[in-house]
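Some notes on the structure that comes next.
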Amino acid sequence: MLDLLLAIGSSAAVSAMLRIGEARSRGMYARFAMNYASAALLAFLAMPVKAFPQNGYGSALGLGAAQGVMYLLTLVILQANIRKNGVILSATFARLGLIVPMVFAVAAFGEIPSGVQMLGFLLACGAIWMLRAGQPGKAASRGGLLILLLCNGLTDSLAKIFEQTGSRNLDGWFLLITFLVALVVSLGMMVYRREKLGWREILYGCLVGIPNYGSVFFLLRALTHLPAVLVYPTYSAGTILAVSLIGAAAFRERLERRQWLGLGVILLALILLNL
C-alpha cells in the first residue's frame, strides 16, 4: 500500500510541476527532454543488474518503447489541457482514464472485483465526474479533455500488460526503455521546433522528471502486489484528491461546492476500495 501512496504523491507532483514549468520557461519539448533524461538516469541507477538480459527481453523492449511514445503524447496533451482548462480539471480527466485499464484487466486477465470494491469503483468514477461537472464553463477544449482521458488510460494499461506478461527481473529495463524512447522523441521535436535548452528548461524539466519516474516506478510495484481493480481506482481518485488540494492552495483555483462534495465521495471510495 505504501507503493500506491507514493505513486499518488508522485503523480500529483507531476501536474503541479508542469503548471509551474509552463509559466516559468518557454521550451516545452526542451523541458520534456530534460524530464525524461532525468527519469531515465534514475531508472538506470535504480536497476539492480545493469547487464542487458540474454533472453525474455522482448516484452520489455516492445512495451517499453510503446509506453515511451504514449508517455510523451500524454504529457503534451496534459500540458495543453492544463494551459486551457486548469490543473484540477485536466488532472481529473487524466485520471478518469482509469476506466480503460480497469475494463482491460477484467476482460483480459479476469480480475473480478468484490461487491464492495465495485461500489468503491463506481463511487470513484461518480466523484470524478462530479469534479468535472463543477466547472462546466471552464472547459475550453472538451475534445482535448476526452483525448487526454483515452491516452492516459491506454498508457496505464501498458504497465498492466507488462506486469502480466513480462519478467519482474526486467522491470528496470522496462522503465529505462520507456524513458529513453520518450527522450529521443522529445529531442527530435525540440530540434524540429528549434527550441533552445536553457537553465530554466533543465531545472523545471528535472523537477518533473523525478516525480514522473516515481509515479511509474511505484505504480508498477503496486500492481505487482495488489490487484488492478484496487490499484487503478485508488491511484486515480487519490491523485485527483491531491491535485485538487494543491490547485486550490498553491494556484488559487477555486473549488465549488459540488467539487468539495466530490472530494468527500472520493475519500469514501478510497475506504471501500481498500476493504
For the range 56-74, pairs from a residue that is over 17 Å from M28 (Cβ atoms) and part of a helix (DSSP H, G or I) to a residue that is open to solvent by 10 Å² or more (accessible area, probe 1.4 Å) and of a type in the set (G, A, S), with Cβ under 6 Å and 6 or more apart or across chains, are S59/G166; A60/G166
Exercise for review: Please tell me if G68 is open to solvent by less than 50 Å² (accessible area, probe 1.4 Å) and modelled with pLDDT under 85.
Suggested key: no
Would you confirm whether or not the range 16-25 contains a residue that is of a type in the set (K, R), over 20 Å from V184 (Cβ atoms) and over 21 Å from the mean Cα position of the chain (by Cα)?
yes
Only one of (1) within 13 Å of the chain's Cα centre (by Cα); (2) modelled with pLDDT of 85 or more; (3) within 21 Å of A228 (Cβ to Cβ) does not apply to T178, and that is (1)
Given the conditions (1) at pLDDT 80 or above; (2) touching a helix residue (DSSP H, G or I) at 6+ places or on another chain (Cβ under 9 Å), every one holds for P113 apart from (1)
Exactly one of L245, L230 is crowded, with 22+ Cβ neighbours inside 10 Å and closer than 20 Å to L270 by Cα, and that one is L230
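The values are calculated or read from the model by the stated rules, or taken from the named source; none is laboratory data. A quick note: this is a predicted structure, and the numbers were derived from the prediction, not measured. Every residue, glycine as well, gets a Cβ built from its backbone with ideal geometry; the counts of neighbours run over all protein chains shown. Only protein heavy atoms, including side chains, enter the accessible area calculation; ligands, DNA and RNA are left aside. Shrake-Rupley method; radii C 1.70, N 1.55, O 1.52, S 1.80 Å.
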